[in-house]
Amino acid sequence: MDRLHQIQVFVAVVDANGFAGAARKLNLSPPAVTRAINELEANLNVRLLTRTTRVVRVTEAGERYAEDCRRILAELAEADESVAGLHANPRGRIASTAPVLFGAEVVTPIVTEYLSQNPEVQAQCWFLDRVVNLMDEGVDVAIRIGELPDSSMQAVRVGLVSRVIVATPQYLKGAGTPQRPQDLAGHSIIAASGVTPNPEWRLMQDGEPLVVPLQARMTSTSNDAAIRACLQHFGLTRLLSYQVAGLLREGRLVRVLEEHEPTPLPVHLLHREGRYATKKVRAFIDLALERLRQHPALT
């Protein structure tokens, strides 16, 4: 079997954390993937992967080999582009994903700027309030909010967002401004299930975590609907700071119980190609990192 094919299969298995994901990515049958890995290990006389019925792990030798293989594949791709006269300009399709509101308000301007700079690239934006599997769904770059699980993906931290409780000045004028978490019991609560999946808000008091049970008057699966209800002076809601940053600047919403907010959540940019990313992906990552780190809502 062709060594280049074996290398491509091996890198796909490492990136996908398994044989099934690699098979889907490469449009191969699982037995063909298994055969390629077996032949590669036999040729090298080295165990690259440790397999169990549940998981595939990369050995120490396999990690070093995977890094070298990524470099080789990236250099081959660059060589192909160069000989075809395409080296100067990124081209092709790039797919990115982010939460819905973050994608609309923060990522979209980055994508349009990138496309203006790279006219031979087409972008696909997956703005969804669910975790998209980059390998299985063919996505190149993701923005994730919150702590990350262990992963083979490359992750770069770009900022922080807070979980903030907000209301309109008109609502607070009539209902009063809560001074401590216990005061929330006397207020109309709008729960956005994307930020508050359980009927409680986790806050801080005197340096210790505090769980505040909720009796929500309204619960919505849509963060945008929670914002709209809040703007109609219906009550207090809790959202991520970037989702209401503009409304806070305009004074249409007011932040309350700020000193009781939990630790801010990290925002990461994820990609699956390491430092040997293709030219189109590297160009997007470089621009996105610069713009995200400058964004006032991510500090």
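The values are calculated or read from the model by the stated rules, or taken from the named source; none is laboratory data. Because the structure is predicted, anything quoted here is derived from the model rather than measured. Glycine gets a Cβ as well: all are built from the backbone with ideal geometry, and neighbour counts include every protein chain shown.
Listed values, structure above:
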item: Strands (runs of 3 or more DSSP E) lying entirely in the stretch 160-224 (those with 2 or more residues that are within 16 Å of residue 257 (Cβ to Cβ), touching a helix residue (DSSP H, G or I) at 6+ places or on another chain (Cβ under 8 Å) and touching a residue at least 60 places away in the same chain (Cβ under 8 Å)); result: 163-167
item: Pair list, Cβ under 9 Å, 6 or more apart: the stretch 1-30 residue without any contact (Cβ under 8 Å) to a residue 12 or more places away in the chain, other residue assigned to a loop (DSSP other than H, G, I, E, B); result: 23/29
item: Test: residue in the stretch 96-106 that is crowded, with 19+ Cβ neighbours inside 10 Å and hydroxyl-bearing (Ser, Thr, Tyr); result: yes
item: Some residue of the stretch 122-137 being closer than 23 Å to residue 291 by Cβ, in contact (Cβ under 8 Å) with a residue 40 or more places away in the chain and of a type in the set (S, T, N, Q); result: no
item: Unmet criterion (only one of (1) buried (at least 16 other Cβ atoms within 10 Å of the Cβ); (2) under 16 Å from the mean Cα position of the chain (by Cα)) for residue 260; result: (2)
item: Residues that are part of a helix (DSSP H, G or I) and at pLDDT 95 or above, drawn from the stretch 250-283; result: 250, 258, 259, 260
item: Helices (runs of 4 or more DSSP H) completely within the stretch 1-71 that count 1 or more residues being under 21 Å from residue 271 (Cβ atoms) and in contact with a helix residue (DSSP H, G or I) (Cβ under 6 Å, 6 or more places away or on another chain); result: 3-16, 19-26
item: Residue 104 under 30 Å from residue 192 (Cβ atoms) and either touching a residue at least 60 places away in the same chain (Cβ under 8 Å) or not in a helix (DSSP H, G or I) (or both); result: no
item: Number of the exception - residue 238 against (1) touching a residue at least 40 places away in the same chain (Cβ under 8 Å); (2) surrounded by fewer than 19 Cβ atoms within 10 Å (Cβ to Cβ); (3) in the same structural domain as residue 218 (by TED's automatic domain parsing); result: (2)
item: Criterion: of a type outside the set (A, V, I, L, M, F, W, C) and more than 25 Å from the chain's Cα centre (by Cα) - qualifying residue of 202, 217, 272; result: 217
item: Residue selected from the stretch 217-235 under the condition surrounded by 20 or more Cβ atoms within 10 Å (Cβ to Cβ) and in contact with a strand residue (DSSP E or B) (Cβ under 6 Å, 6 or more places away or on another chain), by the criterion farthest from residue 298 (Cα to Cα); result: 235
